[in-house]
Amino acid sequence: MLRNYFNQNDPFKAMGLVLLLLFSRSLLGFVVWDEVFGQGVWIEQMQNAPQNITEWYQGHSGPVYQLLWLAFPKLLLNPVVNVILSSLLLLFLALRLNAFLIKWAAFEHSSYLPAALMIIFSISLPELYVVSAPLVGAIFLLLALQLVFSHLRQNVPDENILSTGFLTGLAGMIFLPYLWFLLVLLIAYALFSSTGSRRYLLMLWGMCMPWLVLGLFFGYRGEMSIFWEGIAVGMLRFELHPSELLKITVALGFPFLMALYAAFQSLSGMGMNNFQMTIRAVFLWIGLFALVLTFWFSGNVLGSVFMLTLPMSYFVNQALQKSRKKRYADGLFYLLLMASFLALIFAHRLT
């Protein structure tokens, strides 16, 4: 069975992830290619393409992402190349998430199932098939999260705290709402470690470092008002779009409810050691953060939902592992896969 294939701690199972990505992208080409690249998503992507580094446009993207567009416009505006690049980014993120879950023994049984689930959830929306600021910025958020777990697990030097803040700052320079992720880090350190106040200042300083360098550039050009306005607009502009929320609900409603059920089931902590309970709590906070993003920035579908796939992958994997009946777990896995493909076909028709 397909679930059993990924439910093993074998690096060669990464080839199965590649095949899963190829299959889903092939479906994109036959079913919803026109919806992505003929209208809607792709037109919005092209309209949002920046013309200069000081342009803070409506997609909440930061200056580093704008630099990527300015440096490689022909590559990013080529539909086939764009899909390939987004697929490689998604594969890297799925493997990165899976790697530190295995490293810190987050589950009783380590496997490649969390990575497979993350890819399955990404199938459901056309917006998840193109290179975007949330997708690129998530690389630095995952690296920061890995440093957080390293700090919670063992005593680490101050450089670790500084690097965590720096990576969060870089993620925010790609997708501005990711700067709010600093609150999740602060909560994790405050509740689950004995981090001193000096280290909190180090993390804050690390986050500010890349922005200070950028501020010098804008100051030299006499455009500090644009600098501050871009940060404020990118982080605070409220975009509640009921139609987009409906699309997200159709696309991820079933796996989200399954993840929510697993989260409540795990509150007792039965069968988990102390550090596994800490990891579970951190993912609960990430899920809450992602839900706030979903409602606050629902006009940017990808920015709203991509962070949800992290806690969903964790908790749905937990639910599948705790299932006593293998046939029941196999049936749920195939149901998740089928629901994602159906959502890809029908969710975009709701807008």
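Quick check on Leu257: is it closer than 30 Å to Leu335 by Cα and surrounded by fewer than 15 Cβ atoms within 10 Å (Cβ to Cβ)? Walk me through how you get there before you give the answer.
On the way: closer than 30 Å to Leu335 by Cα: yes; surrounded by fewer than 15 Cβ atoms within 10 Å (Cβ to Cβ): yes.
For Leu257, the condition - closer than 30 Å to Leu335 by Cα and surrounded by fewer than 15 Cβ atoms within 10 Å (Cβ to Cβ) - is met.
Within the range 172-188, which residues are within 10 Å of Val64 (Cα to Cα), among the aliphatic types (A, V, I, L, M) and in contact with a strand residue (DSSP E or B) (Cβ under 9 Å, 6 or more places away or on another chain)?
Answer for the range 172-188, where residues must be within 10 Å of Val64 (Cα to Cα), among the aliphatic types (A, V, I, L, M) and in contact with a strand residue (DSSP E or B) (Cβ under 9 Å, 6 or more places away or on another chain): just Ile174.
Tell me which helices (runs of 4 or more DSSP H) are completely within the range 265-338 and hold 1 or more residues being at pLDDT below 80, or say none if there are none.
Counting at least 1 such residues, we get 274-296, 301-305.
Counting only residues that are over 15 Å from Ala14 (Cα atoms) and of a type in the set (Phe, Trp, Tyr), which one in the range 101-117 is surrounded by the most Cβ atoms within 10 Å (Cβ to Cβ)?
Phe107
Only one residue in Leu252, Leu246 is modelled with pLDDT under 90, crowded, with 17+ Cβ neighbours inside 10 Å and part of a helix (DSSP H, G or I). Which one?
One residue alone meets the criteria, Leu252.
The values are calculated or read from the model by the stated rules, or taken from the named source; none is laboratory data. Note that this is a predicted model, so its numbers are computed, not measured. Backbone-built Cβ (ideal geometry, glycine too); neighbour counts: all protein chains shown.
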